[in-house]
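Before any comments, here is the structure.
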Amino acid sequence: MTSQVKDHVAPTVEEKRNELLAQKLIKNLNRRHMEAFYCKTGEDAVKKVSELIADGSTVTWGGTATVRDLGIPAMLKSRGTLNVLDRDAVDSSEEKQEMYLKAFTADVYLTSANAISEDGVIVNIDGNGNRVAAITWGPKKVIFVIGLNKVAQTVEAALSRARGTASPMNAQRFELKTPCSIDGTCHNCNSADCICSYVHFLRNSRNQGRHVVVLVGENLGY
């Protein structure tokens, strides 16, 4: 009888750095009264999100590329035990407005972030304001899924990333008529389609544990 020993694969330099950075972020997020977890891969993150949502919950999401790219909406529907408010299944502006309002009554609201500082401040910019409004108040639980590519050293750097990197990309994604969608850089504009109409800093979870952060060791979203 022969025994089989699996080869041990040493973590890469990037994996080591991600683990250390994630642990620092988790400590700082806990200090701000938020639960936080680290998942090495997007696949692990999807499983963690599912674990965090109890059967019978009403769940929806904001305008997040990360959640969609990971296939989380499909996972939620496949469970068959959740009341899923699918904002992507409606077309008219009236239906979308109704879905935005229903989100405030959800048990769980899923979103990502445009940036997060190393000391745990989550920064988001918003065009309509519905996403940052739901993050602030309404849904019983807010779950962030954030790739480590969105980590910035300081709050100021996080805001710079949100305005200078995420905003132009999202403006192009939504086909908005803004200066940044034309040349890829923020003009601090006041255009009608401005995607930076609302700038939001989450520095403390007023209700202990309402905000949950799932950090992912991959480049996700914008």
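The values are calculated or read from the model by the stated rules, or taken from the named source; none is laboratory data. Keep in mind the model is a prediction, meaning the values are calculated, not measured. Glycine gets a Cβ as well: all are built from the backbone with ideal geometry, and neighbour counts include every protein chain shown. Accessible surface areas use protein heavy atoms only, side chains included; no ligands, DNA or RNA. Shrake-Rupley method; radii C 1.70, N 1.55, O 1.52, S 1.80 Å.
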Nearest 20 debye, what's the magnitude of the dipole of segment 36-105 about its Cα centre given +1 on Lys and Arg Cβ and -1 on Asp and Glu Cβ?
240 debye
Positive-end residue, the chain charge dipole about Cα centroid, Cβ charges, pick of LEU215, ASN170, SER92:
LEU215
Counting only protein heavy atoms and using a 1.4 Å probe, what share of the accessible area of the chain belongs to carbon plus sulfur, as a whole percent?
50 percent
Set of lysines with alpha-carbon distance to LYS48 below 25 Å, sequence-local pairs under 8 removed
LYS16, LYS24, LYS27, LYS40, LYS77, LYS102, LYS140, LYS141, LYS150
Gyration tensor verdict on segment 116-222 (Cα atoms; rounded if a/c is under 1.5, prolate if a/b is larger than b/c, oblate otherwise):
prolate
If you place +1 on the Cβ of every Lys and Arg, -1 on the Cβ of every Asp and Glu, and leave all else neutral, what size is the dipole of the chain about its Cα centre, to the nearest 20 Debye?
660 debye
Per-pair calculated FRET efficiency, R0 = 22 Å: ASP69 and LYS24 via Cβ, rounded to 0.05:
0.30
May I ask for the distance between the Cα centers of segment 155-178 and segment 24-84, given as a whole number of Å?
23 Å
Apply the Karplus parameterisation 6.51 cos²θ - 1.76 cosθ + 1.60, with θ equal to phi minus 60°, to every residue of segment 112-124 and state each ³J(HN,Hα) to the nearest whole Hz, in sequence, with x for glycine and proline.
10, 9, 7, 5, 9, 7, 4, 8, x, 8, 9, 10, 9
If every Lys and Arg gets +1 and every Asp and Glu gets -1 at its Cβ, then about the Cα centre segment 97-222 yields a dipole, in debye to the nearest 20, of 340 debye
ASN219-ASN207 pseudo-label distance in nm [points 7 Å out on the Cα-to-Cβ vector]:
3.7 nm
Accessible-area order for ARG87, ARG68, largest to smallest, probe 1.4 angstrom, reads ARG68, ARG87
Quickly work out the GLN172-to-SER78 label distance, labels modelled 7 Å from Cα along the C-beta direction, and quote it in nm with one decimal.
3.1 nm
Table column - 3J(HN,Hα) (Hz), segment 22-34, Karplus curve with 6.51, -1.76, 1.60, x for Gly and Pro
4, 5, 5, 5, 4, 4, 6, 5, 4, 4, 9, 6, 10
Surface per residue (accessible, 1.4 Å probe) for segment 76-222, Å²:
48 Å²
Mind grabbing the base-10 log of I(q)/I(0) for the chain at q = 0.10, 0.13, 0.14 Å⁻¹? Debye formula, identical points on the C-alpha positions, no solvent, two decimal places.
-0.46, -0.75, -0.87
Hey, quick one: spin label on ASP193, modelled 7 Å out along Cα-Cβ, who in segment 140-179 has an amide N within reach, i.e. under 19 Å?
163-179
Quick one: of the DSSP bridges fully inside the chain, what percent are antiparallel, nearest 5?
25 percent
Roughly what would the spin-label model give for ASN149 and ASP107, points 7 Å off Cα along C-beta, in nm?
3.3 nm
Just reorder THR64, THR58 by solvent-accessible area, largest first, 1.4 Å probe, all chains present.
THR58, THR64
